[in-house]
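**Student:** Let me give you the structure first, and then I'll get to my questions.
The values are calculated or read from the model by the stated rules, or taken from the named source; none is laboratory data. All values derive from a computational prediction rather than experimental measurement. Heads up, the Cβs are rebuilt from the backbone with ideal geometry, glycines too, and the neighbour counts pull from every protein chain shown. Note: accessible area is taken over every heavy atom of the protein model, side chains too, but ligands, DNA and RNA are not part of it. Shrake-Rupley method; radii C 1.70, N 1.55, O 1.52, S 1.80 Å.
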Amino acid sequence: IMGPKEKIERLAQTAEDRILLSRVWERLSAGQRRNIPATSCFLSPREQELVRRLIGEKDLTFFGGYPGAERAVACFLPSYWEESLGDDGPVACIRAQFFVRDRLTHRDFLGSLMGAGIKRETVGDICVGEGSCDFFLLTEMVPYVLQNLDYAGRTKLQLQRISLCDVRIPEPETKIIRDTVASCRLDSVISAGFRMSRARAAEQICSGAVAIDGLPCEKPDRQMEAGCVISLRGMGKIRLLQVLGQTRKGRLSVEIEQYM
């Protein structure tokens, strides 16, 4: 049986991966040994997939403050744990209000947080709306952020911690693409979702520009299943929603969600 060090060496693609996986393993395995709740820092979708492969799905929960959060913390919850992850948990939300005409962006808020000395791994999703932004962070960071984040760019902010029940998450802009493919190979799905030739899609995959559920993939013939999220560098991301069955010509009808 492969031990954690060997697993980390096999999974890690960079030195940063190695450090992150070692830290997450240390935290969560300590919780498992003592049979108490334990959590990681915020993880990107790619990092979440690496942690799943390292630790497995058993007793592992990902929580980002709201259903469908992109960035999330990995949590070990012991079998006796019956509470839901809410306002007393590892993730908190702060609402920043600002003059609506200033039209701040995700980049404005992320830049200001980093400029205030806040590490990216302590910050989750940043959900910007008109005149307000709800952003998620590790609960332990709340006092520091409330004291040290006054502006985003040149715009004055009014901050308050809010309940996770009260968060406002803007609906992502997407469009549905309906098409037929010869098979559910990765190059075929990319060809349909990004409106390019299959040969061009295969070139992009082989060049390392494609990731599936956050993990790089350089195999054009990789079979896709409904629910897979495919990102293409410089082009955005798509989700294979469903495979609807064969047409009379023997091709597969698919529905693909494209994020705008």
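**Student:** Which FRET efficiency value, to the nearest 0.05, do you get for Asp213 and Thr247 by plugging their Cβ-Cβ distance into 1/(1 + (r/R0)^6) with R0 = 35 Å?
**Tutor:** 0.80
**Student:** On to the next question. Got a number for carbon plus sulfur as a percent of the chain's accessible area, 1.4 Å probe?
**Tutor:** Percent of accessible area from carbon and sulfur atoms in the chain: 47.
**Student:** In straight Cα distance, which lysines are under 26 Å from Lys58, not counting same-chain residues fewer than 8 positions off?
**Tutor:** Lys5, Lys7
**Student:** Follow-up question, since we're still on this one. In straight Cα distance, which lysines are under 27 Å from Lys156, not counting same-chain residues fewer than 8 positions off?
**Tutor:** In chain and number order, the partners are Lys119.
**Student:** Moving on. On average, how much accessible surface per residue is there in the chain, in Å², for a 1.4 Å probe, leaving out ligands, DNA and RNA? Don't skip to the answer; put the middle values down first.
**Tutor:** Numbers: 14700 Å² over 260 residues.
Heavy-atom SASA per residue in the chain reads 57 Å².
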